[in-house]
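The values are calculated or read from the model by the stated rules, or taken from the named source; none is laboratory data. Only a predicted model underlies this, so the values are computations on that prediction, with no experimental measurement involved. Positions of Cβ are backbone-derived with ideal geometry, glycine not excepted, and every protein chain shown enters the neighbour counts. Please note that ligands, DNA and RNA were not included when accessible areas were found on the heavy atoms of the full protein model with its side chains. Shrake-Rupley method; radii C 1.70, N 1.55, O 1.52, S 1.80 Å.
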Amino acid sequence: MANKKSGIMCSMCGAIDNKLNPVVTVLDGLNLCTDCIKFIDDARDSQLKNQDSKEKVVSSEVSSVPTPREIKTFLDQYVIGQDEAKKYLSVAVYNHYKRISQGKGADDVDIEKSNIILVGPTGTGKTLLAKSIARLLDVPFAIVDATVLTEAGYVGEDIESLLVRLLQACDYDVARAEKGIVFIDEIDKIARKSDNPSITRDVSGEGVQQGLLKLLEGSTVLVPPNGGRKHPEQKMIAVDTKNILFICGGAFDGIERKIASRLNTHVVGYGHDEANRKHQRENLMRYVMPQDLKSFGLIPEIIGRLPILTSLDPLDKTALRRILVEPKNAIVRQYKKLFLLDGVELEFTDDALGLIVDKAVEYKLGARGLRSIVETIMVDAMFEVPSEPVKKFTVDAGYVQAQLEKAHFEKTRIEG
């Protein structure tokens, strides 16, 4: 305790007033010495400097985000066709990262997050679009399968496991993860089993949709880094999903019937309109609306949190032919590189490519079917060629037909 005769005392550090370190009365009952005042000023300046640097980092990150047109141009290098879906996706991603950069303005307008849902047949490029976006932006990206998710407390993966994959993709850097992209595949597989709300537990359907609501909208979620059930004693990681972009994809097999029912496409009449009606029936997916998703089994709350809805067109022969040879990671290019590593030049004739495309259309396997067909055709060549002194190997239509017959591929045909 200081002696009153020696002067006033600093309320913060207890120093007594002297010539080297005078104590100043700031407020009634609050006395601060010169050293403490300097310490407070330095701490305030340091805090302001850190805040400015963080704002500069965010602004520089967003300023480096390409424009929607540049995003679509990049997607064109990896995904053939689907121009409408690319346009929706490019605009949504660009606006999302602009939204992250916005500061608190005088108007207090808070831009809400716009998650995306992609609807289209299997093998049309839903997953590839999301992968290509993440590659362009160099942000953490995770693909998760909705079919393994169950309500908390049941066998399967908890909803929070979606964010574990995202954290793993960026070495548990929470700040980076909170600006990442999560692609939820097979979102149609968690549709509720009937159009009426369940009065019992719908463990892997409506219950999972209810659990996804807080993630999609944006909230702070406690994530178990090592899984929730095996390590109940682990320390949770808090992740804010407000700035995480969620892209959902699903085939929604059978939704065409609900779209057709809504559009009432059965029209009585004859003439040239028959061709138009047939074309409309074959491309019903492009007319998908939120009410169709609701009829399919998605709850209205989750549809509202996926405001951007776009569809992917079925792939025709022309698109499949381009997918074989044009993209940077085209299937034909991949096999040519594999053979080149053994010093062998691989060549596919036009007739061979045409037959491969015909079989993919016949089997209704989409772009994924191209890979399985080419793998079936090339397996013997990849087994024999590395052991033989050949410099060039040509695949023609006859070789393709012989290999498919040898592999009994005709037995796997799906009747339309």
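Among the conditions (1) modelled with pLDDT of 85 or more; (2) outside any helix (DSSP H, G or I); (3) not basic (Lys, Arg), Gly269 misses just one, which is (1). If you go through region 115-127 one residue at a time, do you hit one that is open to solvent by 10 Å² or more (accessible area, probe 1.4 Å) and within 11 Å of the chain's Cα centre (by Cα)? Within region 115-127, one or more residues are open to solvent by 10 Å² or more (accessible area, probe 1.4 Å) and within 11 Å of the chain's Cα centre (by Cα). Taking Glu362, is it free of Cβ contacts under 8 Å to residues at least 12 places away in the same chain and outside any loop (DSSP other than H, G, I, E, B)? Taking the combined requirement at face value, the residue does not satisfy it. Cβ-Cβ distances below 8 Å connect the following pairs, each with a first residue in region 110-128 that is within 15 Å of Pro327 (Cα to Cα), a second residue that is crowded, with 18+ Cβ neighbours inside 10 Å and among the polar types (S, T, N, Q), and a separation of six or more residues or different chains: Thr124/Gln82; Gly125/Gln82. Report whether or not Gly369 is surrounded by 19 or more Cβ atoms within 10 Å (Cβ to Cβ) and in a helix (DSSP H, G or I). Yes.
Report, by residue number, each residue of region 309-332 that is outside any loop (DSSP other than H, G, I, E, B), surrounded by 16 or more Cβ atoms within 10 Å (Cβ to Cβ) and in contact with a helix residue (DSSP H, G or I) (Cβ under 8 Å, 6 or more places away or on another chain). Don't jump to the end; show me each part of the working.
If we filter region 309-332 for residues that are outside any loop (DSSP other than H, G, I, E, B), which is where we start, we get 309-311, 317-325, 331-332.
Those still in the list that are surrounded by 16 or more Cβ atoms within 10 Å (Cβ to Cβ) too: 309-311, 319-321, 323-324, 331-332.
Across region 309-332, the qualifying residues are Leu309, Thr310, Ser311, Leu320, Arg321, Ile323, Leu324, Ile331, Val332.
Would you pick out the residues in region 21-46 that are over 20 Å from Gly7 (Cβ atoms) and either touching a Ser or Thr at 6+ places or on another chain (Cβ under 6 Å) or among the hydroxyl-bearing types (Ser, Thr, Tyr) (or both)?
The answer is Ser46, and nothing else.
Does Lys242 fit the bill of being crowded, with 19+ Cβ neighbours inside 10 Å, modelled with pLDDT of 85 or more and basic (Lys, Arg)? Considered against the rule, which asks whether it is crowded, with 19+ Cβ neighbours inside 10 Å, modelled with pLDDT of 85 or more and basic (Lys, Arg), Lys242 comes out as no. Counting only helices (runs of 4 or more DSSP H) wholly contained in region 16-101, the ones carrying 3 or more residues that are at pLDDT 80 or above and more than 21 Å from the chain's Cα centre (by Cα) occupy 34-63.
Could you tell me whether any residue of region 295-310 is of a type in the set (S, T, N, Q), touching a residue at least 60 places away in the same chain (Cβ under 8 Å) and in contact with a Leu (Cβ under 7 Å, 6 or more places away or on another chain)?
Yes: region 295-310 contains one or more residues that are of a type in the set (S, T, N, Q), touching a residue at least 60 places away in the same chain (Cβ under 8 Å) and in contact with a Leu (Cβ under 7 Å, 6 or more places away or on another chain).
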